[in-house]
1. Relative contact order (percent) for the chain, with alpha-carbon contacts under 8 angstrom and 6 or more residues of separation?
2. Could you quote the convex hull projected area for segment 1-43, Cα atoms only and averaged over all directions, in nm²?
3. Given the rule -39500 (n - 2.57) for each run of at least 4 DSSP H residues, summed and divided by the residues of the chain, what is its mean residue ellipticity at 222 nm, to the nearest 500 deg cm²/dmol?
4. Can you work out the accessible area per residue across the chain, with the rest of the protein chains kept in place, probe 1.4 Å, in square angstrom?
5. Please list, ordered by chain and number, the residues whose modelled amide H lies under 5 Å from the amide H of Arg70; skip anything fewer than 5 residues away on the same chain.
6. P(r) for the chain, please, calculated from all Cα pair distances in 10 Å bins and given in %.
7. Can you compute 3J(HN,Hα) from phi for each residue in segment 49-64, using the Karplus curve 6.51 cos²θ - 1.76 cosθ + 1.60 with θ = phi - 60°, rounded to whole Hz and x for Gly and Pro?
8. Rounded to a whole number, what % of the accessible area of the chain do carbon and sulfur atoms account for, probe 1.4 Å?
Amino acid sequence: RGTRAELVARRACAELRAWLDAEVPVGEHLADQLLLPMVLAGGGRFRCHPLSRHTETNIDTIAAFVPERRPRVRPDGGAWIIDVP
């Protein structure tokens, strides 16, 4: 609200360009949403960029409730790999 449509579009395009340039399948806003389903499904792995604070918070929350399934994060060039055991 109160933000011009042109500015919203410019920001959205900048986020899209950053995601495309990173050449990763999972973007910033999807990474945190994938964690819980992967924990419930028994594990998995994906590459993302960037690693958001929300994703870090979800990792800590999962670890508090299901410590044996704590997602592991490791750098991979300019991206991150997140493994859920």
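1. With pairs under 8 Å counted, the relative contact order is 29 percent.
2. Averaged projected area of segment 1-43's Cα convex hull equals 4.2 nm².
3. -17500 deg cm²/dmol
4. Result: 70 Å² per residue.
5. none
6. 17, 43, 25, 13, 2
7. Residue by residue, segment 49-64 yields 6, x, 8, 7, 5, 5, 5, 4, 5, 5, 4, 5, 5, 4, 4, 5 Hz.
8. Solvent-exposed carbon and sulfur of the chain make up 56 percent of the total.
The values are calculated or read from the model by the stated rules, or taken from the named source; none is laboratory data. Source: prediction; values computed, not measured. What goes into the accessible areas is simple: the full protein's heavy atoms, side chains included, and nothing from ligands, DNA or RNA. Shrake-Rupley method; radii C 1.70, N 1.55, O 1.52, S 1.80 Å.
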